[in-house]
Amino acid sequence: MQIVILENAEAVATHGANVIIQKIKQKPDAVLGLATGSTPLALYRKLIEAKRSGDVSFLRSRSFNLDEYLGLPGDHPQSYRYFMQENLFNHIDIEPGNTHVPPGNAANPLKACEEYDELIETTGGIDLQLLGIGRNGHIGFNEPSSGLTSRTRVKTLTPATIEDNARFFGADEFQPHLSITMGIGTIMDSRKIILLATGDSKADAIRATVEGPLSASCPASALQMHKKAVLIIDEAAAAHLEHKEFYKHIERENQKLLQSLKQ
Ligand code: GLP
């Protein structure tokens with residue numbers, strides 16, 4: 001696992017956006033795995049800016065989102081499909097038909113989960129998956145105890161996650177307790193993964209991800225087994241890492257090596 005520790009949330013968004021932009025430049029029809037939550041918002045704004053300035057085009061790219069609330073149609077303001085339209089898709093040139101979010105209103109959710117995994121596979125697999133992380137170490141909606149090789153399926157949310165996400169719902173509004181989420185195995189099939197985390201509320205989850213045991217009690221720890229997983233985190237999220245200075249040292253050495261190879 002590569003660990004990139006940056007000064008603040010702004011630097012995390014810039015770094016993450018650059019990884020995506022480079023991927024699209026190198027492979028214009030790349031398949032992106034996308035995430036919701038507040039963490040990727042600044043990154044999405046940077047992608048929109050890059051599109052507007054003519055630096056990049058998403059015309060041939062395809063996307064698959066990690067998860068969706070079960071019971072919410074895509075035009076519901078709290079649905080993740082709606083979130084993606086509002087915060088990214090409506091502002092870039094990606095073809096609407098090339099964007100995929102699990103169907104929260106599927107008549108048969110179990111079948112829809114299988115079909116989602118099949119579609120990812122027939123599209124060629126995910127080139128670059130973007131992740132956030134929950135305070136309890138969840139990725140997508142894979143809550144603690146999720147199988148480390150699980151596929152896209154219906155998952156029940158923990159009370160902690162429901163509480164964390166309650167801020168997006170009105171007091172009397174229906175807040176689903178079920179979701180459809182890519183499984184940890186589905187996520188792990190991606191060719192490259194970047195996980196963004198900012199703020200001190202994520203510091204314990206980041207410590208468990210990097211320095212804890214590989215364990216279903218911290219679903220993000222599965223990334224320890226991925227060949228190309230990069231954590232892009234700010235100082236606050238890195239604060240509980242026991243070997244933080246060593247990770248920074250590794251990164252400096254990596255950068256030096258890359259520079260010397262360029263010359
Ligand atoms: C939700 C999403 C996750 C996201 C997490 C953290 O539970 N399903 O994909 O990583 O929230 O969100 P935030 O970035 O708002 O802390």
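The values are calculated or read from the model by the stated rules, or taken from the named source; none is laboratory data. Since this is a predicted model, take the numbers as computed values, not measurements. A quick note on method: Cβ atoms are made from the backbone with ideal geometry, for glycine too, and the neighbour counts reach across all protein chains shown. Surface areas here come from the heavy atoms of the whole protein model, side chains and all, with no ligands, DNA or RNA. Shrake-Rupley method; radii C 1.70, N 1.55, O 1.52, S 1.80 Å.
What the table below lists for this structure:
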quantity	calculated
Among 217-230, 113-126, 165-178, the order from most to least packed when residues are scored by Cβ within 10 Å on average	217-230, 113-126, 165-178
Label point distance in nm, THR149-PHE168, each placed 7 Å from Cα along Cα→Cβ	3.1
Gain on full stretching of the segment that runs from GLU49 to LYS262 - 0.36 nm per residue minus C-alpha separation	73.8 nm
Surrounding net charge for ARG207, when Lys and Arg each add one and Asp and Glu each subtract one, Cβ distance under 15 Å	-4
Exposure of SER53 as accessible area (Å², to 10), given a probe of 1.4 Å and all protein chains	90
Full-extension gain in nm, GLN2 to THR122, via 0.36 nm per residue minus C-alpha separation	40.3 nm
Fraction of the pair-distance distribution of the chain above 34 Å, Cα-Cα pairs, percent	13
For LEU231, distant residues with modelled amide H under 5 Å away	GLN2, ILE3, VAL4, LEU195
Residues with amide H under 5 Å from that of GLN129, placed H, sequence gap 5 or more	GLY33, LYS192, ILE193, ILE194
Probe 1.4 Å, protein heavy atoms only - accessible area per residue of segment 106-183 in square angstrom	47
³J(HN,Hα), Karplus 6.51/-1.76/1.60, whole Hz, each residue of segment 100-110, x for Gly, Pro	10, 10, x, x, x, 10, 4, 5, 10, x, 5
At R0 = 30 Å, FRET efficiency that the Cβ-Cβ distance of GLU242 and GLU10 yields, to 0.05	0.70
Choice from LEU41, LEU66, LEU32 with maximal GNM fluctuation in the chain (Cα, 10 Å cutoff)	LEU41
